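K.L.:
One structure follows; several queries about it will come next.
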Amino acid sequence: MTGKLSATLAALALTAGLGLAGGPPASAAYCGITWGSLAKAAYTPTYSGSITNVRSGQHPCFDRLVIDVNGRVSGYTVRYVDNYNPYGSPHSIPLRGGARLSVTVNAPAYNYAGSATYMPANSRELVNVAGYSTFRQVVKAGSFEGYTDFGIGVRGRLPVRVFVVPGPGNGSRVVVDVAHSW
């Protein structure tokens, strides 16, 4: 009997190690991510710098979009939408993917003189996201009255987090992370 019990316990340990005995406990989060998919917003009543660049990156647990600003960021709003309609426009912009994120940064893409500080070569493909786990497309919709709108087409409605990182120098960065899974 002891040999049979040992063999059964060994088989259970092996299947658990291979992930065949089920997923992680309900309390465990994917990669420790507990962000959720509700809207994220922040506002600071300060003068904002101008947007100078947009870039992206892949991480083991999420895809990341970084929006560079040459000064402080006075806020942002990021939320999932059914149709991506940039600020002030009645027309929707189609985005690849099963879900759409609307990203508004409280910073213009132009300076005091009205000259552009960020002019992408292709506003419908800001960054190359081919091969990304979550991102399907990133677009710049426009910059109007001190706000700049971006749309992110994602694979599905997945957890998202947003934060501002100071630097380099007097600049700052708005970071949008979208998890690969729940």
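K.L.:
Testing the spin-label approximation: label points 7 Å from Cα along Cα→Cβ at ALA42 and VAL175. State their distance in nm.
P.N.:
1.0
K.L.:
Taking the full set of protein chains and a 1.4 angstrom probe, give the accessible area of THR34 in square angstrom, rounded to the nearest 10.
P.N.:
THR34 exposes around 110 Å² with every protein chain in place.
K.L.:
Let me ask something additional. How big is the charge dipole of region 43-175 about its Cα centre, in debye rounded to the nearest 20, if each Lys and Arg gets +1 on its Cβ and each Asp and Glu gets -1 on its Cβ? Present the calculation step by step, with values, prior to reporting the outcome.
P.N.:
Details: 13 positive and 6 negative charges, 74 e Å.
Roughly 360 debye, rounded to the nearest 20.
K.L.:
Principal axis lengths of region 78-131 from Cα atoms, whole Å, largest first?
P.N.:
Result, largest extent first: 39, 28, 19 Å.
K.L.:
Also, quick follow-up: Stokes-Einstein at 37 °C, 0.692 mPa s, Kirkwood radius from Cα pairs: D for region 29-182 in µm² s⁻¹?
P.N.:
Values: Rh = 15.4 Å.
So the translational diffusion coefficient is about 212 µm²/s.
K.L.:
A further question on this structure: List the residues whose amide H sits under 5 Å from the amide H of PHE62, counting only those 5 or more places along or on another chain, with H placed 1.01 Å from N in the peptide plane.
P.N.:
Residues meeting the amide H criterion: HIS180.
K.L.:
Okay, moving on. According to a simple spin-label model (label point 7 Å from Cα along Cα-to-Cβ), what is the distance in nm between TYR87 and ALA113?
P.N.:
About 2.4 nm separates the two model spin labels.
K.L.:
Round to the nearest 10 and report in Å² the accessible area of ASP82, as given by a 1.4 Å probe over the protein chains' heavy atoms.
P.N.:
Here the residue's solvent-accessible area equals roughly 130 Å².
K.L.:
Let me ask another. Ignoring ligands, DNA and RNA, what percent of the 1.4 Å accessible area of region 62-102 is carbon and sulfur? Write down the numbers at each step before the final one.
P.N.:
Values: 830 of 1930 Å².
The value for region 62-102 is 43 percent carbon and sulfur by accessible area.
The values are calculated or read from the model by the stated rules, or taken from the named source; none is laboratory data. Treat the numbers as computed from the prediction; the structure is a model and nothing was measured. Every residue, glycine as well, gets a Cβ built from its backbone with ideal geometry; the counts of neighbours run over all protein chains shown. Accessible surface areas use protein heavy atoms only, side chains included; no ligands, DNA or RNA. Shrake-Rupley method; radii C 1.70, N 1.55, O 1.52, S 1.80 Å.
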